[in-house]
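Values in this text are rule-based calculations from the coordinates and carry no lab data. Note that the structure is a prediction, hence the values are computed from the model and not measured. Here the Cβ positions follow ideal geometry from the backbone for every residue, glycine too, while neighbour counts run over all protein chains shown.
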Amino acid sequence: MDIREISLIGGFGKAGGREPVARLDMRMGDVVSIVGPTGSGKTMLINDIALFADANTPSRRRVLVNGAPPPAIFQEDPSHNPIALITQHTTFLSDLPVREFLRIHAKIRRAARQESVVEETLAFANELTGEPIIERSAMTELSGGQTRALLVADAVVIGNSPIILLDEIENAGIDRLRALELLKRYRKIFIFVTHDLRITLLSDYRVVLLGGAMQAIVARAEEERRVAGRIGLLDGIMVDVRNRLRAGERLAERDLIGELEQVLAAPSAEAVR
Amino acid sequence: MRAVICAGPPTSGKTTVLRHAARKLAERGRRLAYLKIDVQYCDEDELFARELGIPARKVYSGDLCPDHCSVLVLGDALAWAARESAEFLLVETAGLCLRCAPYIEGGLGVIVLEATSGMNLPRKIGAMLTLADLAVVTKIDLVSQAEKEVFRANLLDAADIPVIETDALHGINLEPVVRRIEATPELVEPSRLRGSPPMSVCTICAGKKEIGWEHHYGVVRALDSDLFYRGQ
Ligand SMILES: Nc1nc2c(ncn2[C@@H]2O[C@H](COP(=O)(O)OP(=O)(O)OP(=O)(O)O)[C@@H](O)[C@H]2O)c(=O)[nH]1
Ligand SMILES: Nc1ncnc2c1ncn2[C@@H]1O[C@H](COP(=O)(O)OP(=O)(O)OP(=O)(O)O)[C@@H](O)[C@H]1O
Ligand SMILES: [Mg+2]
Ligand SMILES: [Mg+2]
Ligand SMILES: [Zn+2]
């Protein structure tokens, strides 16, 4: 099935009232952020999507694929499920060696070029991790960051899932912006649950949650690209400060003010990058 | 009477699955009875009686193999469930022996396995898996999408039966299990075991498939009796 669009029909918030957003349509290629305070129902929302909710979850939301109820096979066989949910788990329970596990998964997914697909998955995962993954080690031996990196790579490359849901990727111990950059090379619907302002600002639109209900869909304005650019420069300063502290250096207030002035003085075009 | 025999290793989620299924069945007006068979301790009967208000009881197998025990007492238990005017008897086994398969002909045999167990588990289980009608995989909330797929592939490799993945703790995707239970036909007398448990040390082990202690010899028991010897 060629997926063009997935929709979430609004249900009810935690207090029982109807959701202000009656319908959320996400089209192929969209990068979406789900934002809102802790406990506002972000995880619930992506779980609803992952389960193809049909008014049978506490929120009573419904999922449509290409405007119609999804075919049963999506739920009956996980390898036909077009949605990959990368949860906040950072452990594998499978005791198989990494390469063997990926090979089996590629076979289940009937991937053409099984061997090269496994290579591509490992390469993708290694671009996200600090320490490269040792292919002979058991999946259970991977670090938290390596695990999430492999989960993301597996979903994108072997699973080739057209819809990818990621819960708080910023807490995964992997380079979140590098991940976003790599992911954007693939044409999919990406849905990020995030507290990270840069991921939010790099998304096409954000869904704002409160009290378990979708409050608004806010498309990124053109000006916000420039805001994002400047925040990127600020982020650079923070990274630099962190590195200097780690290296045992002292900080000078004068240096910081100088760097902040550069952020202000940068031309808008450069700030966007 | 319709019989649902639910087997599966300890802590795989048998009770959790049956509890959600039972609630949904009760909501649709189905009359249920529940029996748990265990070796020396269990409290599921109290849970089902308290939560769902259905007739529920347990039996401890003690020195008997729990699956052999279930063969002996199931005849009485079906009669008990009928007296309680239940339409369905849900039986949860102790699940200690992977080679024993306490499923009966005409009943629904359900094996519950947890996705968190080793990837090779399906290959290690014999009759308990291969003679079942349906495999319910629990705890999918604890594993990744890829692990789910590999577990299912290994399972289907070992047994060609329908597989339903669930997060039983949160009651997710149990609807297909409920549908299968509802579709279970009426039992036809006499009830017989589907397979023969291994190790021929008693008449059940030796291949006699009749349900009910009256059909067996050696050390036996009824639902409401202690162990006694029945000689030929
Ligand atoms: N996260 C999660 N936990 C589950 C799931 N299913 C069961 N559990 C938990 O696993 C534990 C054991 O579940 P039970 O349903 O008691 O298992 P059982 O097979 O009846 O166990 P015995 O009767 O003792 O053999 C409980 O703490 C359940 O809450 C699931 O799908 N997800
Ligand atoms: N529409 C809803 N109806 C009923 N309950 C809801 C609804 N939305 C969320 N909840 C419940 O509210 C609680 C918090 O939701 P959730 O875990 O999704 O929050 P979150 O935004 O992901 O929080 P965090 O940022 O801490 O991860 C959960 O118990 C969830 O089941
Ligand atoms: Mg959350
Ligand atoms: Mg139990
Ligand atoms: Zn025996």
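Some observations on this one:
- Percentage relative contact order, the stretch A:33-102, counting C-alpha pairs under 8 Å, at least six apart: 17
- Karplus 3J(HN,Hα) series, Hz, for the stretch B:83-90 with 6.51 cos²θ - 1.76 cosθ + 1.60 (x for Gly, Pro): 4, 7, 6, 8, 9, 10, 9, 9
- Rounded to whole Hz, the Karplus (6.51, -1.76, 1.60) HN-Hα couplings of the stretch A:110-127, x for glycine and proline: 6, 5, 5, 6, 3, 5, 6, 5, 5, 4, 4, 5, 5, 5, 4, 4, 5, 5
- Dipole axis of the protein assembly as shown (+1 Lys, Arg; -1 Asp, Glu on Cβ), positive-most option in B:Leu18, B:His68, B:Leu96: B:Leu18
- In this simple spin-label approximation, A:Asp240 and A:Ala216 carry label points 7 Å from Cα along the Cα→Cβ vector, and these lie 3.4 nm apart.
- Computed over neighbours whose Cβ is under 15 Å from that of A:Met139, the net charge equals -2, Lys and Arg +1, Asp and Glu -1.
- The value of relative contact order for chain A, using C-alpha pairs under 8 Å at least six residues apart, is 25 percent.
- Extent of the stretch B:2-230 along its three principal axes (Cα atoms, max minus min coordinate, largest first): 53, 40, 32 Å.
- Here the Karplus relation 6.51 cos²θ - 1.76 cosθ + 1.60, evaluated at θ = phi - 60°, turns the backbone of the stretch A:213-228 into coupling constants of 10, 6, 8, 7, 10, 10, 6, 6, 7, 4, 4, 5, 4, 6, 4, 4 Hz, with x for every Gly and Pro.
- The H on the amide N of B:Arg192, modeled in the peptide plane, is under 5 Å from the matching H of B:Glu105, each at least 5 residues off or on a different chain.
- When each of B:Lys36/B:Lys148; A:Lys188/B:Lys124; B:Lys148/B:Lys209 is checked by Cα-Cα distance, pairs over 31 Å: A:Lys188/B:Lys124; B:Lys148/B:Lys209
- Within the shell of other residues whose beta carbon sits under 10 angstrom from the beta carbon of A:Ser59, the net charge comes to +2, with Lys and Arg scored +1 and Asp and Glu -1.
- Computed label-point distance, nm, for sites A:Leu182 and B:Asp160 using a 7 Å Cα→Cβ extension: 4.1
- Sequence-distant residues sharing a close amide H with A:Tyr205 (under 5 Å, placed H): A:Val31, A:Ser33, A:Arg220
- Order of A:Arg23, A:Arg136 under a 10 Å beta carbon neighbour criterion, fewest first: A:Arg136, A:Arg23
- Amide H contacts under 5 Å for A:Met214, placed H, 5+ residues apart: A:Val21
- Ascending count of other beta-carbon atoms within 10 Å, so fewest first, for A:Val156, A:Val218: A:Val218, A:Val156
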